[in-house]
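The values are calculated or read from the model by the stated rules, or taken from the named source; none is laboratory data. Nothing here was measured: the structure is a model prediction, and the numbers come from that model. Cβ coordinates were reconstructed from backbone atoms using ideal geometry, including for glycine residues, and neighbour counts include every protein chain displayed.
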Amino acid sequence: KQVAALGTAWSGSPDELSVAVADCTRCDLHCNVTQAVLGEGPQDASLMIVGEQPGDLEDLAGRPFVGPAGKLFDKLARDAGLDREKAYVTNAVKHFKFNPRGHRRIHQRPNIGEVTHCKWWLDAECATIKPKVILAMGSTAALALTGNGSDLTLRRGEALKLDDGTQLVLTFHPSFLLRMRDPDKRHTAENDVRRDLDLANRLS
Ligand code: URA
């Protein structure tokens, strides 16, 4: 199997990629998790959706966006006319970062070093899938793809271009919406995400 050497671009097959990520020790996040969670979806998808990192349920299931954030994402995508099955769905970081609290595992945001180490895998997925459009959900995905993890309020909603020509749309993360207490603000933010999903879908 292809060895995931630092600084070397990926040139293996999608199957080899999912085998290789299972052995990833690029940062310490692999130490306490169930498994690495690679993206899933058609290998010829023209749209790639990038979240932050697997959560508790994703870590157990080995699949991205199957927990509460995933359920909200599915709903907003359906509302926007986007068929999730047609997109490749992945995360900026492939291991769940958490703090143990009793029996619970409390999500912790990955730091810039972890995001940078894991960018190798995201680049490998991009090299394999070659998406036309990437929708980055949340500031960690935005950081991984643009080097800038600042507030998305003023950055979301338009098509940007990555150096290789791939179109990039930034939007809020579904977990951010789930944490919003003010119903009006949440309603507005959900509509923003629907619009961004629609834009990414139309461009792809
Ligand atoms: N949040 C993410 O960013 N990704 C997942 O897969 C689940 C929750």
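I'd like the residue in segment 55-83 that is more than 12 Å from the ligand (Cβ to nearest atom) and not small (Gly, Ala, Ser) and, out of all such residues, is surrounded by the fewest Cβ atoms within 10 Å (Cβ to Cβ). So that I can check it myself, show each step before the final result.
The first filter runs over segment 55-83 and keeps only residues more than 12 Å from the ligand (Cβ to nearest atom), leaving 75-83.
Those still in the list that are not small (Gly, Ala, Ser) too: 75-76, 78-79, 82-83.
Details: Lys75: 13, Leu76: 23, Arg78: 13, Asp79: 14, Leu82: 23, Asp83: 10.
Among those that are more than 12 Å from the ligand (Cβ to nearest atom) and not small (Gly, Ala, Ser), it is Asp83.
If only one of Asp163, Asp184 is out of contact with any strand residue (DSSP E or B) (no Cβ under 6 Å at 6 or more places or on another chain), among the charged types (D, E, K, R), assigned to a loop (DSSP other than H, G, I, E, B) and farther than 21 Å from Gly70 by Cβ, which one is it? After applying the criteria, what remains is Asp163.
Does segment 30-44 hold any residues that are in a helix (DSSP H, G or I) and over 27 Å from Lys130 (Cα atoms), and which are they?
Taking segment 30-44 as the starting set, the residues that turn out to be in a helix (DSSP H, G or I) are 30-32.
Within segment 30-44, Cys31, Asn32 qualify.
Got at least one residue in segment 106-129 being crowded, with 22+ Cβ neighbours inside 10 Å, small (Gly, Ala, Ser), over 25 Å from Leu199 (Cβ atoms) and under 14 Å from the mean Cα position of the chain (by Cα)? Yes, segment 106-129 has at least one match.
If you scan segment 135-169, which residues turn out to be aliphatic (A, V, I, L, M), in contact (Cβ under 8 Å) with a residue 24 or more places away in the chain and more than 14 Å from the ligand (Cβ to nearest atom)? Please lay out each step first, then the result.
Taking segment 135-169 and keeping what is aliphatic (A, V, I, L, M), we get 135-137, 141-145, 152, 154, 159-160, 162, 168-169.
Narrowing the set further to residues that are in contact (Cβ under 8 Å) with a residue 24 or more places away in the chain leaves 135-137, 141-145, 159, 162, 168-169.
Across segment 135-169, the qualifying residues are Ala159, Leu162, Leu168, Val169.
Return only the number of the condition from (1) in contact (Cβ under 8 Å) with a residue 24 or more places away in the chain; (2) surrounded by fewer than 20 Cβ atoms within 10 Å (Cβ to Cβ); (3) closer than 20 Å to Leu29 by Cβ that Lys97 does not satisfy. The single condition Lys97 does not satisfy is (2).
Taken residue by residue, segment 75-96 has at least one member that is in a loop (DSSP other than H, G, I, E, B), touching a Cys at 6+ places or on another chain (Cβ under 8 Å), at pLDDT 95 or above and not hydrophobic (A, V, I, L, M, F, W, C).
Going through (1) surrounded by 15 or more Cβ atoms within 10 Å (Cβ to Cβ); (2) within 22 Å of Val193 (Cβ to Cβ) one by one, Ala159 falls short only on (1).
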